[in-house]
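Coordinate-derived values only; no laboratory data. Quantities reported herein were computed from a predicted structural model and do not represent experimental measurements. When we count neighbours, we look across all protein chains shown, and the Cβ atoms used for this are built from the backbone with ideal geometry, even at glycine.
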Amino acid sequence: MTAPHPAGRIAALTALAMFAFAANSVLNRLALADTAIDAASFTLIRLAAGALVLWALVRRQSGSRLAGDWPGACALFVYAAAFSFAYRALSTGTGALLLFGTVQVSMIAAGLFKGERFRPLQIAGFGVALGGLGVLLAPGVSAPPVDAALLMALAGMAWAVYSLRGRHARGTPLAMTAGNFVRAVPLAIGLSMVSAADARIDLAGVLYAVLSGALASGVGYAIWYSALRGLTATQAATVQLSVPVIAALGGALLLAEPLTARLALASAATLGGIALVVTTRR
């Protein structure tokens, strides 16, 4: 029986994890907007750095070894690759909202498809969340490019598949994630070989990719797993609503990206609708 975790420690770990998740968006956008590195190379370095750190963390746990499987690794690779290619043209906040919104909407839809019964208030929240994403993608001067938006939606659906598979996977979450990262590296190498003609690497881009993989992904996931021990399922789902907001603020501070009225309205509707679904769940 484990000792209870002090509330202050759980709060600190949770805050660190949310900043780490948002940092993935900020670092990816920084690399692809301000450096010469290409999306395929960024994906490869990020996954390799994450695999190395996660493997080292698993090795530190006595009796633990890599878990995961190839379907999970494929979903992880699709997420990471589509995420990077989408951020060539999306602002940090828009990309984070599209990613997070698609992940949550996909997982809620999967629950409905499997027969999960929702209250009328939850159905209304689901509709509001879909409407928020519709506002973000509606044609207009500040609308994101369609191809980039579709790529980020693909990344969100892939992460939703990865998360849903993880509920029934064997091994600890850390061992499963480490094993999937390791398996995803050869897939990223294949992508880099296919995209070799467009390959470009510079020191700053490599640094951002390593930080994204090793710290924001590898260490960030480890911190999150520690925080989850002291959070209820509803708390864990609700606190992640902060990630797109943190990412948007990071983009505004570090990349001088505007916080548009469209993004604010879409964020309020999407995140508010998802919060309604999560907090009224039985």
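Some notes on this structure:
- In plain terms, if you count all Cα to Cα distances in segment 8-279 and split them into 5 Å steps from zero, the share in each step is 1, 6, 12, 18, 20, 17, 14, 8, 3, 1, 0, 0 percent.
- Within the chain, the whole DSSP H helices whose Cα atoms reach 27 Å or more along their own axis and whose mean Kyte-Doolittle score is at least 0.0 are 7-34, 39-60, 92-113, 146-166, 173-194.
- Contour minus Cα-Cα distance for residue 16 and residue 232 (0.36 nm per residue): 76.0 nm
- Label point distance in nm, residue 253-residue 56, each placed 7 Å from Cα along Cα→Cβ: 2.6 nm
- For the chain, the 222 nm mean residue ellipticity estimated from helices alone, with every DSSP H stretch of n ≥ 4 adding -39500 (n - 2.57) and the total spread over all residues, rounds to -24500 deg cm²/dmol.
- Here segment 8-279 is assigned +1 on the Cβ of each Lys and Arg and -1 on the Cβ of each Asp and Glu. Its dipole about the Cα centre then comes out at about 920 debye.
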